[in-house]
Structures are given as C-alpha cells and as structure tokens.
Amino acid sequence: MKYFQEKAETMPLSELRKLQSEKLVKQVRHVYEHVAPYRRKMDELGVKPEDIHGIEDLPKLPFLTKGDLRDEYPTGYLGVPMKDCVRIQSTSGTTGRRVVAFYTQHDIDLWEDCCARAIVATGGSDEDVLQVAYGYGLFTGGAGLNGGSHRVGCLTLPMSSGNTDRQIQFMMDLGATILCCTPSYAAYLGESMKERGIAPDQNPLRVGIFGAEPWTEEMRQAIEKSLGIKAYDIYGLTETSGPGVAFECQEQQGMHINEDHFIAEVIDPETGKVLPEGSKGELVFTSLDKEAFPLLRYRTRDICILSRKKCACGRTFIRMTKPMGRSDDMLIIRGVNVFPSQIETVLLKEGYTPNYQIVVDRVNNSDTFDILVEMDEAMFADTVSVITGREKALVAAMRAMLGIGPTVHLVAPHSIQRSEGKAVRVIDKRKLVTDTQWLGK
Ligand code: ADP
Ligand code: ZN
C-alpha cells in the first residue's frame, strides 16, 4: 500500500481526535481575532473562543453559508493581511455569485499535499506522466492537481481544458499515464479518441482522477471502458481550497476526507442538527489549518453519508459517499454552477414572465441544457423569424449571465404546466442519485 503521508493518513482515531481538537481550539481563536463577520456571528450566539475546548464543542459554533461569504465579497472572511496571501482562486460560480478564496503559501502547500495524497492513493508515483486537463486560472481544478502532481514528482502536462486534438496528441506523444479532468470531459475525450480510430488499449493512460461535478457509477464504467483505465473520484470545493478535500483509494468504497486538515459533519439541512454517522444529510466542513480563508462549519449544500468503517487500504480517515444531491437548488451543468434564480433574473429583465422550465439531461455523457420559456399573447402573434430572433437574444443574455449557453425554446402562452404548490422549475433527468449501500461493505 502506498501513501503520500502515511503517518497522517493512517493515524489511529484517538490520535486524530486529539490532533483535531488542538487545531480547532487554535483555529477558532485565529478566526475570532481576525475575521470580523464570523466574530459577530459568534458574539450573537454568545460563544467565545474560550468555550471551545475540543471537537466535542464544535456544535456550539455558528454555521457559515455561501450567502455569508458573498455578502462580504471579496475580503470580509480574509483571516490574514492581504500582503501575506500569495494567490486567489474563485468558484466556477457565475455573475454576482463568485466567492474569492485566498491562500497563503502554507495554505497552498497543504492543499497540494491533499491532491498529492489523492494521486498516490490511485497508485500514482514519480514514474507517472500526469495530464492535467482541468481548467487553469481561477478554477481550482487545474492549480490543485498541478501542484499535487509536482509534489508526487510526476512529469506534469499542464494542458488546461479544451483543445481536444492537442490533448490527444500530447497524451500519445508524451505517454500520459494519469488523466485529471472533469468526468464529462473524460467521456468526451474517450469518444473523440474513438472517432480518431484510437482503441482503448492503444492509449498510454492507466488511471483517471475525475471530479468537480456529479457523476454516476454508470458513467464511471462508461469512461473506464472507453479509455481503458481505472477511474477515481476526487471531491472538493473552492471554499475549502479546492479538489483533494476527499479522494478515493484503490478500494473505491467512498472518498476519504483529509481529516487532519478538515473536520466533516453531516447535518439535517432543515434544522441544522448534527446527525449520527451513517445518516444522509448536508456535509459541513471546518478547515483546521487554513490561514487565509479559515472557514468554520461551512455548509457545502452537498448531501452525502459518512462512514468510519475500516477501509482495507489502511487509511483511517472517514469516507463520504459521492454527493447524492444538493440541499439548495444549484445545478451543476457542464461543470458550471447554475441557479434557477439567475435564469429568472434574465427572463424578467428581457421582458418575459417567470413561466419557464429548465430541462437538464445527459446524452452521450455530456449535459444538455434546455430552457422552455412562455411567450405572452403579443409575442406569440409575431412571425417565426421574429420569434427565432428573440430566442437567439435570450441565449446570448443567458450566456452572459451564466457562463454557458442553454438551448432556448419559446413556447405558447400557458403551455408550461402550472403547479399547485412549488413551481417545478427544474427537470433533471440525469439520474445522479447513487446507490448508498456500498459504504456498508
Ligand atoms: P469548483 O470551482 O471547484 O467547481 P465550486 O465550489 O464551484 O468549485 O463547486 C464545488 C461543488 O462541486 C461541490 O460543492 C459539489 O457540489 C461539486 N463537486 C465537486 N466535486 C465533486 C465530485 N467528485 N462529485 C460530485 N460533485 C462534486
Ligand atoms: Zn481506503
């Protein structure tokens, strides 16, 4: 069994708890002293740093949400002077919803360690050639895996996303053995290689490390077959540094959470109550080591189950299932975060009624994104060419707001079914809910 940091990754539970407790006490003090909006939250609850003696006191602390971070855009949750930071990254989020995450060099080092652990957990080593086809730039995927790959000592191909011809050429010519990208792009690469007559056993790849968006076991199998590889899951979010917060080992029975750096809780999204291990609920993270962006009890909105059952790989870190859904209405379409409210904003601004429906599906492992929008009687009386022009204009407005372009269908007045209760705004046919049984193994 290979570990990147064996001592941490296989730490006995009692030792881990002690370590987490010590770090938490320190981190709460750091946040209280340096992050004014969180100090206000603690003051409102009447909690002082002295009240936190260890992880058993964690539930005393207030939750933090994406909304809180957005309200304090961009620097309100910064825990150190800006001059001590060496980088930012930002959510794949969209206009008005971006969160800026700050990093000191220490924060980057530990993030890269987390990604290095993920690479080694799949059997990766300095013998490997690792192709990073996650986007570079503000998105965390490229930077995280790039850093992790360096730390492991792999030869790193910093391809960034897109330019499929070049991806395939470098993969073949330089002998890439590990591919890191979103699962949708991996599926697309598989198809593209098939079209070019490259059979799965003709490419040099051995392993894929895929994440940043939901994907199913079926999709995993399809990718494994089309690329002739073993595909591993990796999870993270910009707010907690990026990918690598959790990763799959070779047992592939859930993703180990890097618990020496993060405390994971699962809560009831309605009541905020902490649920016992094995319950399905919203995942909440406390970052124990981050200096620049030290979030306590951050609500991810991702729904999952945690398990502390022993893993055959020897790692003692708790495992999470794949995210099984979201507790808010955020959709991840082709890797981009989309909120129905943004679509509504565009429609109202462009003079439409808020009668619309979003239909998302996955065809050939790639997301389709359609929006049905009702016209009013006057628009409906227009000529076909006027209506087509309106559709085009809406697509452009949506693309400007969301960062990706949907297919817009203008439909007849009153043709979208009205609902008695909450409007059915989103029809997601991608069947992303996964089987929960396997964590029990
Ligand atoms: P990024 O910019 O890295 O996409 P975001 O913070 O915008 O980060 O998105 C993070 C969200 O992406 C998570 O909260 C989760 O919903 C989703 N996500 C990340 N990794 C995975 C994964 N392996 N499986 C399913 N969903 C994932
Ligand atoms: Zn394991």
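For the range 242-351, a crude dipole built from +1 on the beta carbon of Lys and Arg and -1 on the beta carbon of Asp and Glu, taken about the Cα centre, is about 280 debye to the nearest 20.
In plain terms, the C-alpha convex hull of the range 1-325 casts an average shadow of 16.0 nm² when viewed from every direction. Computed over the chain with a Gaussian network model linking Cα atoms closer than 10 Å, the most mobile of Gly148, Gly335, Gly272 is Gly272.
If the only charges are +1 at each Lys and Arg Cβ and -1 at each Asp and Glu Cβ, what is the size of the charge dipole of the chain around the Cα centre, to the nearest 20 debye?
Values: 53 positive and 60 negative charges, 51 e Å.
Approximately 240 debye in magnitude.
Residues Met219, Met401, arranged from fewest to most other Cβ atoms within 10 angstrom of their Cβ, appear as Met401, Met219.
Couplings 3J(HN,Hα) of the range 28-33, computed from phi: 4, 5, 4, 5, 4, 6 Hz, in residue order, whole Hz [Karplus 6.51 cos²θ - 1.76 cosθ + 1.60, θ = phi - 60°; x for Gly and Pro].
Straightening the chain between Glu191 and Thr75 buys 37.5 nm, computed as 0.36 nm per residue apart minus the Cα-Cα spacing.
Ordering Thr240, Val35, Leu16 by the projection of their Cα atoms onto the charge dipole of the chain, which places +1 on the Cβ of Lys and Arg and -1 on the Cβ of Asp and Glu, puts Leu16 at the extreme positive end. When the charge dipole of the range 331-438 is built from unit charges on Cβ atoms (+1 for Lys and Arg, -1 for Asp and Glu) and taken about the Cα centre, the candidate among Gly351, Thr368, Val426 whose Cα reaches farthest toward its positive end is Thr368. Counting only DSSP beta bridges whose two residues both lie in the range 331-438, roughly 60 percent are antiparallel. Reachable lysines from Lys48, Cα under 29 Å, same-chain residues fewer than 8 places away excluded? Cα-Cα hits under 29 Å: Lys18, Lys23, Lys26, Lys60, Lys66, Lys83, Lys273, Lys290.
Using only DSSP helix segments of four residues or longer, with each worth -39500 (n - 2.57), what per-residue ellipticity at 222 nm results for the chain after dividing by its residue count and rounding to 500? Walk me through the numbers on the way to the answer.
Numbers: 12 runs with 140 residues, N = 441.
Computed ellipticity for the chain at 222 nm equals -10000 deg cm²/dmol.
Which of Val274, Val363, Val338, Val129 comes first, and how do the rest follow, when ranked by fewest Cβ neighbours within 10 Å? Spell out each step's value before the answer.
On the way: Val274 14, Val363 9, Val338 26, Val129 19.
With the sparsest Cβ surroundings first, the list reads Val363, Val274, Val129, Val338.
Note on the chain: antiparallel DSSP beta bridges, both residues inside, total approximately 60 percent of the bridges counted. If you run the Gaussian network model on the chain, springs between alpha carbon atoms under 10 Å, then out of Ala396, Ala378, Ala292 the most flexible one is Ala378. With θ taken as phi - 60° and the Karplus curve 6.51 cos²θ - 1.76 cosθ + 1.60 applied, the whole-hertz 3J(HN,Hα) list for the range 183-191 is x, 5, 6, 4, 5, 5, 4, x, 5 Hz, x standing for glycine and proline.
Given a Förster radius of 30 Å and the C-beta distance between Ser366 and Ala312 as r, what FRET efficiency does 1/(1 + (r/R0)^6) yield to the nearest 0.05?
Calculated value: 0.30.
Charge dipole of the range 331-438 (Cα centre as origin; +1 on each Lys and Arg Cβ, -1 on each Asp and Glu Cβ, all else neutral): 340 debye, rounded to the nearest 20. Here's the list of lysines a cross-link from Lys429 could span, going by alpha-carbon distance under 24 Å and ignoring same-chain residues fewer than 8 apart: Lys225, Lys280, Lys322.
Here the Karplus curve 6.51 cos²θ - 1.76 cosθ + 1.60, taken at θ = phi - 60°, turns the phi angles of the range 356-373 into couplings of 8, 9, 9, 10, 10, 9, 10, 10, 6, 6, 10, 6, 9, 9, 10, 10, 8, 10 Hz, with x standing for Gly and Pro. Proximity of backbone amide H atoms, modeled 1.01 Å from N, is registered between Leu157 and Leu130, Gln131, Val132 at under 5 Å, excluding neighbours fewer than 5 places apart on the same chain. Listing Trp215, Trp111 from fewest to most neighbouring C-beta atoms within 10 Å gives Trp215, Trp111.
Since every read-out is calculated from the coordinates, none of them should be taken as a lab result. For clarity, every value in this text was computed on a predicted model and none was experimentally measured. So basically every Cβ, Gly included, is an ideal-geometry build from the backbone, and we count neighbours across all protein chains shown.
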